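First comes the structure, then the notes that go with it.
The values are calculated or read from the model by the stated rules, or taken from the named source; none is laboratory data. No experiment lies behind these values; they were computed from the predicted model shown. Every residue, glycine as well, gets a Cβ built from its backbone with ideal geometry; the counts of neighbours run over all protein chains shown. The protein model used for the area step is the full one, side chains on, heavy atoms only, and it has no ligands, DNA or RNA in it. Shrake-Rupley method; radii C 1.70, N 1.55, O 1.52, S 1.80 Å.
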Amino acid sequence: MFFCKSKLEFEKLLSLIKIFLVRRINYKKARRVIPNNYEYTGIHKSEVVAMQLFIYDDNNLKEYDNLSVKKLSEILSETKSDNQVMWLNVHGLHDADFIRQIGELLHLETPMISDILNTTRRAKVEELNDLLFFSIKSMLPKEEATTIQVEQISFIIKGNLLLSFQEKSSDFFTHIRERIRSHAGIVRSKNNDYLLYLLLDAVMENFFITLEHLENQTERLIGEVKVSSNQQILESIERVREEINFLKRSILPLRDAVFNLKSILDQHGHQDHKSNKTYFTRLHHKTLELLEQIEYDTNSVDSASNLFFATQNQRMNQIMKTLTIFSVIFMPLTFIVGVYGMNFDYMPELHMQNGYFNVLWIMFAIAIAMTIYFKKKKWF
């Protein structure tokens, strides 16, 4: 209080400091990890860590499941053909030492392995000397729940090898595996850039599914707002708004990352990489479509919120109008009762034989007349 002139000024200053500290604390949402340290920051810590490897070209296919790091090293040392595409999929990241061994086997830099394990990072693309790193957020609505589940997926292209790291086992890429096994489409005649496109496209479809789920919730809430004034509806609207905003925050860096990836492929010297640029252009257009749809859904949620408050105000106005009408009807009746309750000695009406009943009839007539008048004015 040495520089404050009064206790009130000191309390105001103290409240401002508290607000500043609270904002600083709330702003720090991403978990901080030690640089170059292997630490998984996600929530999926009960998954079994496993690896699956596909080695294929237009004529041949080899598939390996539940690989160990030692077995993977042997397979990679035996596979020398540059014409074959290798897809190594790893699901389960909580075993940081296992991920570290994979990184050391494939000569991945320590910061890149840390980015794979740190799930609080935004989507990004990094091009190094001999590899391309890509991370993305995937999300799907939980079954029989109102929340969405988020998972980080990282991709690395190194030569003819494509690595994908998932936090948990999921069925995002099941149809792609079946296409590889059955030789459906052109996936086995293309290089690993096209495979990356298929994987990213599969993840992006989850955004459309999640967005459709949120749209259905918004429509349901709008219907509930019209028939109910429950405060929980407003809480549900705000929760949907937060999830849509989170979806937008996830797609914005994805849009930038896909655009950067498209530019990298455009600058690449190999003709196959340039030919795949068209597919990544489609992905970029999908992100723009998602953002446009999110803007529309944001307006829908705002409309639901405004409708809730408008409905609440309408109900309150209706209640106030009803109470006002009753008050206005009883005002002249209260006046009459007050006049005859003054207890003066010389009030002729007090000595009338039927005075009490006459006053009741007059009061009743006034109430009926005012009710008819208000009805004609359509005030209720």
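Below is a table of values for the structure above.
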| quantity | calculated |
| --- | --- |
| Top-ranked residue in region 340-357 [being assigned to a helix (DSSP H, G or I) and in contact with a helix residue (DSSP H, G or I) (Cβ under 8 Å, 6 or more places away or on another chain); ranked as least open to solvent (accessible area, probe 1.4 Å)] | GLY355 |
| Residue in region 65-112 that is nearest to PHE54 (Cα to Cα), counting only those that are among the β-branched types (Val, Ile, Thr) and in a strand (DSSP E or B) | VAL85 |
| Residues of region 97-148 that turn out to be open to solvent by 60 Å² or more (accessible area, probe 1.4 Å) and either of a type in the set (A, V, I, L, M) or in contact with a His (Cβ under 7 Å, 6 or more places away or on another chain) (or both), as a count | 1 |
| Hits in region 257-289 (condition: at pLDDT 70 or above and open to solvent by 70 Å² or more (accessible area, probe 1.4 Å)) | PHE259, ASN260, THR278, ARG282, HIS285, GLU289 |
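Residue-wise test of (1) without any contact (Cβ under 8 Å) to a residue 60 or more places away in the chain; (2) open to solvent by 30 Å² or more (accessible area, probe 1.4 Å); (3) over 40 Å from the mean Cα position of the chain (by Cα).
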residue	(1), (2), (3)
TYR56	no, no, no
LEU61	no, yes, no
VAL69	yes, no, no
SER77	yes, yes, yes
GLY92	no, no, no
ASP95	yes, yes, no
